Structures are given as structure tokens and as C-alpha cells.
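Since every read-out is calculated from the coordinates, none of them should be taken as a lab result. Fair warning: this is a prediction, and the values are worked out from it, not measured in the lab. We place every Cβ from the backbone using ideal geometry, glycine too, and count neighbours over all the protein chains shown.
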Amino acid sequence: MNDQATLAVIFANRTFFPDHLVEEGRRELLDVLEQEGIGAVALDLEDTKLGAVETYQDAQKCADLFKQHRDEIDGVLVSLPNFGDERGVADTLKKANLQVPVLVQAFPDAIESMDLKNRRDSFCGKISVCNNLTQYAIPYSLTSMHTLSPSSPGFREDLRWFCRVCRVVNGLSNARIGAIGARPPAFKTVRYSEKILEAYGISVETIDLSDVFGRIGLLNDKDPAVQEKLAALKAYIPVKDTPAEALLKMAKLAAVIEAWMAQNGLVASSVQCWTAMEEFYGIVPCAVMSMMSEKLMPSACEVDICGVVAMYALQLASGAPSAIVDWNNNYGDDPDRCVVFHCSNLPKSIFEKPKMTYQDIIAGTVGQQNAYGACVGRIKPGPMTYCRASTDDLAGEVTAFIGEGEFTDDPLDTFGGRGVVHIEDLQGLLQYICSCGYEHHVAVNPSQVASTLHEAFDNYLDWEVYWHGST
């Protein structure tokens, strides 16, 4: 998640506008990219006039360069130091066919430099470029202001936002998700279409719990992988109330799951967490899942594949671990607050003071001795973004809702992984969730990245997305 982005950069030029604007603008923008730690793939000054794109031949050279670096490029930045040539920009992108997000930036004119030697007209040129990209059916993103100097704080923030959009789009377009076990019989709510996800670039690999248990049976207690996971569990959160036998079982489960994920190139997983796990293996897998989510390998409950897709999207956008929770209880008579809850497998960084114990609800069925491994505590107060993805089998598409709110420090005396959230017009959101038939699970992340997700989902991934609270 700390890998820096690399952007393909197109500097657009138009002959009868001043050349010095392109020279100066090119230097300024490349300097800003370097300061931000962003790699750049751009024509050299020797490749074309000013290292810019204007003619069809320039576009061909630029496209060939981008193709050579296809595996490095996360997105494209189109820069207009002057009006630019809209054909050159569109032809470059068409020929390169990178299939990555595109950001269009235009330099501002200085009101005191509107003479023939210094006027840019990038303001107008940006509209022409966007018109051509629309004709070419190339999706693109816009800066927050129509024109922005690369050195301005506003553009730097737009640049960081765009890199997050690239991370979400590229990450989800090639995601491989693990489904561990079958969906619990009582949870038809988490059914999904594997074929629809595949059509949107998200692959699902499956493994049966019997296979997992069989692989565990082949492990020796002293196996290095088992001992490594055991040490990690003990260092992760307080475990003094958890029996040693249960910790060893968790360590073996973690070793098997992570080895299987590495073997299959999986970035996230969802687990059949009850009740076969407790009845036939003797633990809840929550702590194992929590540790994976904390390591940016998100893991969701109840084989909720679309839920973990949402967790992964939030993680890509924010760089921070995500959790999955239930929309669980009203909070008194406050219409804009509710209680979110899970048993739980939330990553430890989301908690205030987490500890490991047995899972209260399942213990009533399978016995306390078979239910150790839950990570419980209160969620830290602070900003949050929520996201739910789903597959609409009738429409044949991926849908989602997103929004922002906050975890509060309101009093809450209950068990499990829990928190109180405040969301403006929560009742309207709940009406939307119910009327559209969404699931009771929602992914949450301690960040504010709804605009990033909306741009990625709506503009590039072609999901049907609702942004609650947007204007």
C-alpha cells in the first residue's frame, strides 16, 4: 500500500501559442511530481518539440513510450500549459490503450500577463480536450478547479486524490478474492454472483473447510510456520484469558489460510466462520481474520465476498485497514445515530483497547471452550467512510452505496466489537438500504474517502453507485 504511483504524462502544445509556456510548465509539473514521490513517464525533450504532443506523429511516439512502460503506469496525467492540441491528446490515449484513469489539468492565466506572448488559453483548451476524450469514449477525471497551477496546494491535493482513485481502479480491476468454506445456511443475505464479479475483473477462488482442516491436520505443532503465527497472535492483542490449545489451533489455521492465499495470489478472503469451525475445529477464526485485515489482507465474515470487496476498496482508497460490521441497533431515539457491531474480527487498529476472548453469542450454542478467538472492544472515535458492494443478478451489474460519518464516544455498554456511528440523514440511508435490498453488513474504514470511491466506481469501473449525502 506504500508503493508510490507512476503516472504517464502528456504535455499538450499548440504551435501558435508561446513555446516558453510549455517549457516552463513542463519543468514545474515534473518537479511537483518528484516532490510528491510520484514517478513520471513522459517524452524527453529530444523526442518531440518541447517533449510535448501536438501532431499525429508526436502522439504515435508518446503512445509507443507508454506501451513500453505499461506495467509501471498507474494513471495518466494530461497537462495543458497552453491551449494544447486536443487531437494529439486523444490519439495518444487511444493508441496507448492503457485502460487506466486519466486526470486533465490546465494551467491558469495570470491576469497581468494576457498579452500575445504570455496568454495560455488553457482554460478553453481543457474544454476542447475533454470534448475529444468524450468522443473517443475515454473516461477522465477533472481537477477541483478548472485551472490550477501544479505548485498550488489545491493541485497537490487533487494529485493525491487521483493517485488514490488509480489505486482503487487498478486494484479492483484485477482483484483475486478467496472464499473459504460455504456460506452459512442461515445467511442467504450474503449470496452473490461470481460470474458478475468476474465480468468486472474480480475473480473468486474457493476452498472447502474440509480441505482447510485436512491441511491443518498435516501440520506439526513445532512447524516453523505454526510457531511464527503463534508468536504473532500472542504479540497482537492481550490473550491471557485464551487457552493455549485454542491459540495453537488459531496459529495452524492462520498458517494454512495465508499459505493458500499466497499460492493463489489472493488479496482478500471471506470465511465460513460458524458454526462448523467451532463444532469441528474448536475455535472462532475472528482473531486470525483480524490479523489478516490489519496486515492489509482484508477478511470478512460469513463468506460475504461482496462485503470483503468493499473492505478492499476502502483499504485501497485510504491505505488503512478496513472492518466489516452489522448495522445492528438504534441508539436510543437519536435518528442519526446507530450501533454497529460484530462478534468480532475487526482489525486491532480500529479498536481503542482490544482483547481476545470467547465469542459470547456462539458460545451459547457450541460451548465457551469451542468459541475462543474473538477480538472485542470499543471502536475508536473519529471520521469514517462506509461502503457496501453487491451484485444485482437481475440487472447483471455490480452496485454499491458509499458515504461518510463518524464513530462517536457516546456511552455504549454491550459486548463484542462495537461502536456508535453518527451519519447525517441516517434514516434516509436506512430507507435506501432496505428499499434496494442491500445486505446487513457494511464495510467501514477510519478515513474520509467517499469521493475517491465514487470516482473509481462510477467513472471507471462502471458500477451503479449511490453516494449518500452528496450534493
Quiz item: Taking the Cα centre of each part, how many Å lie between the stretch 6-27 and the stretch 145-191?
Solution: 30
Exercise. Tabulate in residue order the Karplus-calculated ³J(HN,Hα) for the stretch 47-55, using 6.51 cos²θ - 1.76 cosθ + 1.60 with θ = phi - 60°, rounded to whole Hz; enter x for Gly and Pro.
Key: 6, 9, 4, 6, x, 10, 10, 9, 8
Exercise. Restricting to the stretch 362-471, compute how many DSSP beta bridges are antiparallel as a %, nearest 5.
Key: 75
Quiz item: Ordered by packing density, taken as the mean number of other Cβ atoms within 10 Å over each peptide's residues, highest first, how do 237-248, 94-105 rank?
Solution: 94-105, 237-248
Practice problem: Using DSSP, restrict attention to beta bridges with both residues in the chain and report what percent are antiparallel, rounded to the nearest 5. | Solution: 55
Exercise. Read through the labelled values (i) 24, 47, 25, 5, 0; (ii) 27, 57, 16, 1; (iii) 17, 40, 32, 10, 1 and report the label of the one computed as P(r) over Cα pairs in 20 Å bins from 0, in percent from the structure.
Key: (i)
Practice problem: List, in order, the whole-Hz ³J(HN,Hα) value for each residue of the stretch 392-402 obtained from phi through the Karplus relation with A = 6.51, B = -1.76, C = 1.60 and θ = phi - 60°; use x for Gly and Pro. | Solution: 9, 5, 6, 8, x, 9, 8, 10, 7, 10, 9
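About its Cα centre, how strong a charge dipole does the chain have in debye, to the nearest 20, once Lys and Arg get +1 and Asp and Glu get -1 at the Cβ? Before the final figure, lay out the partial values.
Working: 39 positive and 63 negative charges, 184 e Å.
Rounded to the nearest 20 debye, it is 880 debye.
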Practice problem: Mind running the shape call on the stretch 120-179? Use the C-alpha gyration tensor, a ≥ b ≥ c as the square roots of the eigenvalues: rounded below 1.5 for a/c, prolate if a/b tops b/c, oblate otherwise. | Solution: oblate
Exercise. Once you have a ≥ b ≥ c as the square roots of the Cα gyration tensor eigenvalues for the stretch 277-373, tell me rounded if a/c is under 1.5, and otherwise prolate or oblate according to whether a/b is larger than b/c.
Key: oblate
Quiz item: If you place +1 on the Cβ of every Lys and Arg, -1 on the Cβ of every Asp and Glu, and leave all else neutral, what size is the dipole of the stretch 6-173 about its Cα centre, to the nearest 20 Debye?
Solution: 520
Quiz item: What's the local net charge at Ile111, with K and R +1, D and E -1, over the other residues with C-beta under 14 Å away?
Solution: -2
Self-check item: Which of Val288, Val212, Val169 has the fewest Cβ neighbours within 10 Å, and the rest in rising order
Solution: Val212, Val169, Val288
Practice problem: Mind pulling the angle between the C-alpha long axis of helix 56-68 and the longest principal axis of the chain? Nearest 10 degrees, somewhere in 0 to 90. | Solution: 30
Practice problem: For the stretch 392-426 and the stretch 333-363, compute the distance between their C-alpha centroids and round to whole Å. | Solution: 13
Quiz item: Just from its helices, what would the mean residue ellipticity at 222 nm be for the chain, if runs of 4 or more DSSP H residues each count -39500 (n - 2.57) and the sum is divided by every residue, rounded to the nearest 500 deg cm²/dmol?
Solution: -11500 deg cm²/dmol
Quiz item: Could you give the distance between the Cα centres of the stretch 269-308 and the stretch 79-123, to the whole Å?
Solution: 49
Practice problem: Please turn the phi angles of the stretch 5-19 into ³J(HN,Hα) values with the Karplus equation 6.51 cos²θ - 1.76 cosθ + 1.60 (θ = phi - 60°), one per residue in order, whole Hz, x for glycine and proline. | Solution: 6, 10, 10, 7, 10, 10, 9, 9, 9, 9, 3, 7, 9, x, 5
Exercise. Among the listed pairs Lys249/Lys355; Lys355/Lys380; Lys229/Lys355; Lys188/Lys353; Lys61/Lys94, give every one whose C-alpha distance is greater than 22 Å.
Key: Lys188/Lys353
Practice problem: Highest first, please rank the peptides 345-353, 224-232 by the mean number of other Cβ atoms sitting within 10 Å of their residues. | Solution: 345-353, 224-232
